[in-house]
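Below: the structure, in structure tokens.
The values are calculated or read from the model by the stated rules, or taken from the named source; none is laboratory data. Since this is a predicted model, take the numbers as computed values, not measurements. Here Cβ is always computed from backbone atoms with ideal geometry, including for glycine, and neighbour counts include all displayed protein chains.
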Amino acid sequence: MIGVPSSLPIHRPRVTTVTLSLPLLAALLVAVPVFVQAPWVRLAPMAATFFTVPLVAVGVVLEQRASGPWRRFGVLLVGFAGSWLGGSLFWGWFRLHPLWHLPIEAFALPLALAGLGSRWRLAASFYLASLLGTAATDAVIAAGGVMPFWPQVLAAAPAQAPVLLQEAAAAALQPVPLTLILLSGALLARLCTALWRRGDQDSQLAAATLATTLAVDGIFLLAAALAPRLSGLI
């Protein structure tokens with residue numbers, strides 16, 4: 001056998017950490033509000049809302065002064081700040097008015113659409129994918145006739161809320177609402193797959209964001225049906 005001279009470099013295919021890490025970071029940023037923002041907004045809505053300022057500041061500084069993965073993370077953080085602000089505003093002051101949910105969450109929609117053609121494309125992709133997941137969830141809740149339970153559950157006493165939440169879950173699992181849930185889930189799952197197969201960072205980040213949103217909503221539905229006291233809606 002002819003050996004390879006030790007002086008010659010051996011080239012190995014390298015997987016860039018950016019391509020792999022950004023979708024994972026996006027998924028984590030979707031899950032963070034479930035465990036951090038929800039209880040924070042409930043206890044101190046003003047503080048949670050103003051936390052948007054350091055999020056944007058850190059994101060802008062990283063975008064302008066960092067490079068490589070850190071710069072891209074800064075851009076992603078700005079998109080997350082938009083979702084954070086919308087969520088804080090709604091759950092802090094308008095949580096008993098479900099029809100205001102999507103309009104408030106979509107406050108930055110014009111900026112996000114404009115950002116798709118700029119250096120803030122990653123931020124826009126995250127925000128738009130998160131907003132699409134929110135819109136799909138609200139649409140299914142409304143079409144399935146479950147929307148009236150929303151303010152009842154949130155305004156109920158702690159002892160009564162699990163009972164109402166379980167009733168809402170039972171209503172969602174009726175044939176018509178369940179069919180809508182399954183169809184919308186299947187369509188969005190196909191969209192996630194199509195976005196991921198495009199291969200570029202923006203599309204894969206959007207796919208991870210949307211897929212995680214669907215997973216979180218599915219967990220909420222199961223928690224409401226099987227263990228309502230553990231559900232994040234209470």
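For the stretch 109-117, check the following and say yes or no: at least one residue is surrounded by 21 or more Cβ atoms within 10 Å (Cβ to Cβ) and within 25 Å of Ala223 (Cβ to Cβ).
no
Do any residues in the stretch 43-62 that are touching a residue at least 60 places away in the same chain (Cβ under 8 Å) have Cβ atoms under 8 Å from those of residues that are of a type outside the set (Phe, Trp, Tyr) and part of a helix (DSSP H, G or I), where the two are at least six apart or on different chains, and which pairs are they?
Once the first residue is touching a residue at least 60 places away in the same chain (Cβ under 8 Å) and sits in the stretch 43-62, its partners that are of a type outside the set (Phe, Trp, Tyr) and part of a helix (DSSP H, G or I) give Gly59/Gly74; Gly59/Val75; Gly59/Leu76; Gly59/Leu77; Gly59/Val78; Gly59/Ala81; Gly59/Ala123.
Working only within the stretch 116-154, note down all residues that are among the small types (Gly, Ala, Ser) and over 18 Å from the mean Cα position of the chain (by Cα). Explain how you work it out, then say what you get.
Going through the stretch 116-154, the residues among the small types (Gly, Ala, Ser) turn out to be 117-118, 123-125, 129-130, 133, 135-136, 139, 142-145.
Correct list: Gly117, Ser118, Ala142, Ala143, Gly144, Gly145.
Could you please find all residues in the stretch 12-33 being of a type outside the set (Ser, Thr, Tyr) and at pLDDT below 80?
Arg12, Pro13, Arg14, Val15, Val18, Leu20
From the set of residues in the stretch 48-71 that are in contact with a Ser or Thr (Cβ under 9 Å, 6 or more places away or on another chain) and in a helix (DSSP H, G or I), which is farthest from Leu131 (Cα to Cα)?
Pro69
Residues of the stretch 140-167 being among the small types (Gly, Ala, Ser), in a helix (DSSP H, G or I) and closer than 17 Å to Leu96 by Cα, which ones?
Passing the criteria: Ala142, Ala155, Ala161.
Kindly check whether there is at least one residue in the stretch 85-95 that is hydroxyl-bearing (Ser, Thr, Tyr) and either in contact with a strand residue (DSSP E or B) (Cβ under 8 Å, 6 or more places away or on another chain) or surrounded by 17 or more Cβ atoms within 10 Å (Cβ to Cβ) (or both).
Within the stretch 85-95, one or more residues are hydroxyl-bearing (Ser, Thr, Tyr) and either in contact with a strand residue (DSSP E or B) (Cβ under 8 Å, 6 or more places away or on another chain) or surrounded by 17 or more Cβ atoms within 10 Å (Cβ to Cβ) (or both).
Got at least one residue in the stretch 97-106 being among the aromatic types (Phe, Trp, Tyr) and either more than 30 Å from Leu178 (Cβ to Cβ) or buried (at least 19 other Cβ atoms within 10 Å of the Cβ) (or both)?
No, the stretch 97-106 contains no residue that is among the aromatic types (Phe, Trp, Tyr) and either more than 30 Å from Leu178 (Cβ to Cβ) or buried (at least 19 other Cβ atoms within 10 Å of the Cβ) (or both).
In this structure, is Ala194 part of a helix (DSSP H, G or I), on the phi < 0 side of the Ramachandran plot, at pLDDT 90 or above and under 14 Å from the mean Cα position of the chain (by Cα)? So that I can check it myself, show each step before the final result.
Values: part of a helix (DSSP H, G or I): yes; on the phi < 0 side of the Ramachandran plot: yes; at pLDDT 90 or above: yes; under 14 Å from the mean Cα position of the chain (by Cα): no.
Judged against the criteria, Ala194 is not a match.
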